[in-house]
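Beneath this line is the structure, given in structure tokens, with notes to follow.
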Amino acid sequence: MDTRGQAGSPKGAGVRAVSHPLSLSSEDRARVEAVEALARRGTTGLDALLVDLDTPSWAVRRAVIGALARMGTPAVAPLCEVFRQRRDNEARLAAAVEALVASTGEVDECILALGEDPNPAVVCDVAQVLGRRRSRRGVPLLAKLTVHPDDNVAVAAIEALGRIGGGATVDALLAALGSGNFFRIFPAIDVLGRSGDPSVVTPLLGLLSDPLYMTEATRALGRTGQEAAVPALVGLLQRGNDAAMRVAAVALVEIHEAQVQRFGGTRVVQSALRTKAPAADLGRRLARCLSGADAAEKAALSRLLGWVGGPDAATGLLALLDAEPTVARAAASALTELGPEADGPILQALRDGDSARRMVLLPLVVRRSAAVPEVMLCLEDRDALVRALAADTLSRIGEPAAVSALFARLGDDDPRVVQAAVGAIQSLGSELTEELALEAAGSPDPRRRRAALRIISYFGYSRGLDVLLQAMREQDERLRDAAIYGLPFIDDPRAVDALLEAARHDSERTRAAAMRALGQTEKEARVTSCLLGGLNDKDAWVRYYACQSLGKLNEEAAADAIVALANDDAGQVRVAVVDALAHLHTESAMAALRRAASSEDSDVRRAALLGLGVSKRPDALPVLLEAATKGEPATRLVALSAVAEYDVPETVSALLRSAGDPDEGVRSAAVGFLATRSGTHATQALVSLLGDPALRERVVSALSLPADGRIPGLLTALEAADDLVAPLLVAALARMQRADARAALLSAMRTSSPSGRRAAAAAVAALGTVEAREELERAAAQDEDPEVRRACLLALSR
């Protein structure tokens, strides 16, 4: 079959490449301005714009396309005439197609009239315009064109129907599937698979026995995401050759992902694999298929091996841990799916593997004490990252017997290992920990000693106070820092006395550490007095921590003294001032925060916005709302998080506005805040975002969180949902996995929207209850919409 360019050309015609300059030349800029001037003249500039459709400059041509599209209906007939009379220039034809696709006018009637044109190339352009405009009125013509004598026309019509979607297009596509024409069957298979319509599964299954179409039909079945295709695809795994098995594996994983997206924690594919095939035999066949598979196939085969299990599964998956990252991640995830079956091979590999292999395997070791000996071996690995991972793994396993081995790593040369060992010891605890920590605190090795002080501080051992006080007298500043950090956590008056003394130390670093630690103590007069004195220290970091600690202690009497540092020369002190004021509730503190919210220093501004958000004062909200739309992304994000703390109607509007922010981080945060917000207003806001493809999956996940008012809001939205939105709303309900959400799915079968009822049918069938079957039977017999009845019959037949 001949291939064709974007705008439709006679068979064999070439398409001229078009360059896209990154910036406009002075000549192009002048011509674009002239195009804009013509557009402002309205219909009197139409003829001149049509002449410029074939201008060689892509930038100018885009301006012409935009002007003609905005002109609307008056430009439609002349553009259609280009298809019939001016086909000597490919760029002109492509531009005419783009203008009609984007037109704000009434296009369908004029373009449909060209559907009977004797020139197949004209009809191809008609199909392309109808498809890209997703014209429902064009479906009858496109269905007729799928049997056009010209293959190019038929393929263009099939692709257009695929763009439009919906039940009305499926019948025409199924007819193309039965045409017997190779050139039409292949695109029809692809389009039907992407339709996701349950009714296409049976016809596609019929092609699995034809070697010519088996591969493409298998891929299409995967793209449908339909449970009904699973048994046949599992059958391919059992009887197909290696190539067929690899394609079937990818398809099964696609169906699994689609089912999870629609219904939540479904395990349809896993169940079918385990019930319809002997694990040992299938695991062996899947492992054999890994040889010669591409990356996507290896990842899919890994998932299946994890679900199937068997003696060959773990061996095959371990071999993939050295593959490219996507495959290695899939194999690692599959090994965790295997559970105890994988323990033996994993532990053997930990014993015998090199550092690279251990690095991959350690995160896979779950809470099993049997793995402790092998993991402890990894504490001696030559690679520091492996030693750190081993410490983290011992913490995750939760075996106190490993504490002694972890203490041995406190003197490690690599700080990452020491940090991991300390964290693991703190996580595990143990009857031995106190003795071992006190012993290590007397070590001549400064690294071991500092780490031991951190452990003593974490647990607040009263016997450790003398050790900390001794360290306070050392010349090593890092030892003094570690001791100062722990003193607030020991309930003994001598601890506070030592901190107050350290606040007068000659070392700026020690004074700063003491000021920070005093913020962790109980508020009392001598502590407040010491911190107020620290506000006047010559060292900026001492002033910083003194200010911060006064805020933590909520010392409102210090508000004026803190405000006095608002113009401190040191930026970190100015930030600490704002942070401290956020904890105080005096009028002077709030006024200072509002002033700081417009500071030229971005750090100060963000700290002020956070503080205003913490206050939740109504008079702070306008400042926050304005900041959420201005400045750099980090500032907008901080302001938005502060706005989200308010329970007022303006909050949802602000979050919805920020969901369209140019910055990805701000958009993501806005959706996240809406997700956890109660009330139907927040649900309505999220539903309105489903039209944005970039946000769609994130929004569905947000709608799946069962906040107050979420389910009523989803049901209300279903009443007016179209074919795009209805399946997404149903998926959100299904993924909640709650009794009230399941009841809502049943009630969705009686919503006023046919699209909502069609979408609900598959989710209701997945419930598998008597009530669900009764509701499907009722709708299959009584629903006024034939597509709803068909969807229910298909669901009942599974």
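The values are calculated or read from the model by the stated rules, or taken from the named source; none is laboratory data. From a predicted model like this one, the values you see are computed outputs, not experimental measurements. Cβ atoms come from the backbone with ideal geometry, glycine included; neighbour counts cover every protein chain shown. Remember, those area values only see protein heavy atoms, side chains included, never the ligands or the DNA or RNA. Shrake-Rupley method; radii C 1.70, N 1.55, O 1.52, S 1.80 Å.
For the stretch 742-753: of the residues being assigned to a helix (DSSP H, G or I) and not aliphatic (A, V, I, L, M), which is farthest from GLY165 (Cα to Cα)?
Taking the candidates together, the pick is ARG742.
Give the number of residues within the stretch 75-106 that are over 19 Å from GLY131 (Cβ atoms) and of a type in the set (A, V, I, L, M, F, W, C).
Residues flagged as over 19 Å from GLY131 (Cβ atoms) and of a type in the set (A, V, I, L, M, F, W, C) within the stretch 75-106 amount to 3.
Quick one: ALA580 ticks every box in (1) within 22 Å of LEU535 (Cβ to Cβ); (2) among the hydrophobic types (A, V, I, L, M, F, W, C); (3) in contact with a Lys or Arg (Cβ under 7 Å, 6 or more places away or on another chain) except a single one, so which number is it?
The one condition ALA580 does not meet is (3).
Going through GLN259, GLN238 one at a time, which residue ends up being of a type outside the set (A, V, I, L, M) and open to solvent by less than 30 Å² (accessible area, probe 1.4 Å)?
Step by step, each of GLN259, GLN238 is checked, and only GLN259 is of a type outside the set (A, V, I, L, M) and open to solvent by less than 30 Å² (accessible area, probe 1.4 Å).
Against the conditions (1) in contact with a helix residue (DSSP H, G or I) (Cβ under 8 Å, 6 or more places away or on another chain); (2) closer than 26 Å to ASP445 by Cα; (3) open to solvent by 40 Å² or more (accessible area, probe 1.4 Å), where does PRO415 fall short? Just the number, please.
(1)
Working carefully through the options ARG84, ARG62, find the one that is within 22 Å of ILE111 (Cβ to Cβ), surrounded by fewer than 14 Cβ atoms within 10 Å (Cβ to Cβ) and among the charged types (D, E, K, R).
ARG84
Sort through ILE455, ILE484 and tell me the only one that's free of Cβ contacts under 8 Å to residues at least 60 places away in the same chain, open to solvent by less than 20 Å² (accessible area, probe 1.4 Å), more than 20 Å from ALA540 (Cα to Cα) and β-branched (Val, Ile, Thr).
ILE455
Counting only residues that are in contact with a helix residue (DSSP H, G or I) (Cβ under 6 Å, 6 or more places away or on another chain) and buried (at least 18 other Cβ atoms within 10 Å of the Cβ), how many does the stretch 113-124 have?
6
Only one of these conditions is not met by ALA401: (1) modelled with pLDDT of 90 or more; (2) closer than 30 Å to GLY442 by Cβ; (3) not acidic (Asp, Glu). Which number is it?
Just one mismatch for ALA401, condition (1).
Would you mention how many residues in the stretch 643-683 are part of a loop (DSSP other than H, G, I, E, B), of a type outside the set (Ser, Thr, Tyr) and over 20 Å from the mean Cα position of the chain (by Cα)?
The qualifying residues number 5.
Take the residues of the stretch 423-452 that are under 22 Å from LEU389 (Cα atoms) and modelled with pLDDT under 90: which is surrounded by the most Cβ atoms within 10 Å (Cβ to Cβ)?
Among those residues, the one meeting the criterion is SER430.
The rows are residues; the columns are (1) in a helix (DSSP H, G or I); (2) closer than 29 Å to PRO649 by Cα; (3) open to solvent by 50 Å² or more (accessible area, probe 1.4 Å); (4) free of Cβ contacts under 8 Å to residues at least 24 places away in the same chain.
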{"position": "VAL687", "(1), (2), (3), (4)": "yes, yes, no, no"}
{"position": "LEU714", "(1), (2), (3), (4)": "yes, yes, no, no"}
{"position": "LEU733", "(1), (2), (3), (4)": "yes, yes, no, no"}
{"position": "ASP740", "(1), (2), (3), (4)": "yes, yes, yes, no"}
{"position": "SER755", "(1), (2), (3), (4)": "yes, no, no, no"}
{"position": "ALA760", "(1), (2), (3), (4)": "yes, no, no, no"}
{"position": "GLU777", "(1), (2), (3), (4)": "yes, no, yes, yes"}
{"position": "ALA781", "(1), (2), (3), (4)": "yes, no, yes, yes"}
{"position": "CYS792", "(1), (2), (3), (4)": "yes, no, no, no"}
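Of the residues ALA356, ALA331, ALA349, which single one is part of a helix (DSSP H, G or I), aliphatic (A, V, I, L, M), open to solvent by less than 50 Å² (accessible area, probe 1.4 Å) and more than 24 Å from VAL403 (Cα to Cα)?
Selected residue: ALA331, the only one of ALA356, ALA331, ALA349 that is part of a helix (DSSP H, G or I), aliphatic (A, V, I, L, M), open to solvent by less than 50 Å² (accessible area, probe 1.4 Å) and more than 24 Å from VAL403 (Cα to Cα).
Return yes when GLY178 is at pLDDT 90 or above and within 23 Å of SER797 (Cα to Cα) and no when it is not.
So GLY178 does not fit the description; no.
Kindly provide the set of residues from the stretch 693-712 that are part of a loop (DSSP other than H, G, I, E, B) and open to solvent by less than 20 Å² (accessible area, probe 1.4 Å), ordered by number.
Those that are part of a loop (DSSP other than H, G, I, E, B) and open to solvent by less than 20 Å² (accessible area, probe 1.4 Å): LEU695, SER704.
Identify all residues within the stretch 103-159 that are in contact with a Cys (Cβ under 9 Å, 6 or more places away or on another chain) and of a type in the set (Gly, Ala, Ser); write none if there are none.
Selection gives ALA113, ALA156, ALA157.
Quick one: which of ALA176, ALA172, ALA156, ALA249 is within 32 Å of the chain's Cα centre (by Cα) and either crowded, with 20+ Cβ neighbours inside 10 Å or acidic (Asp, Glu) (or both)?
ALA249
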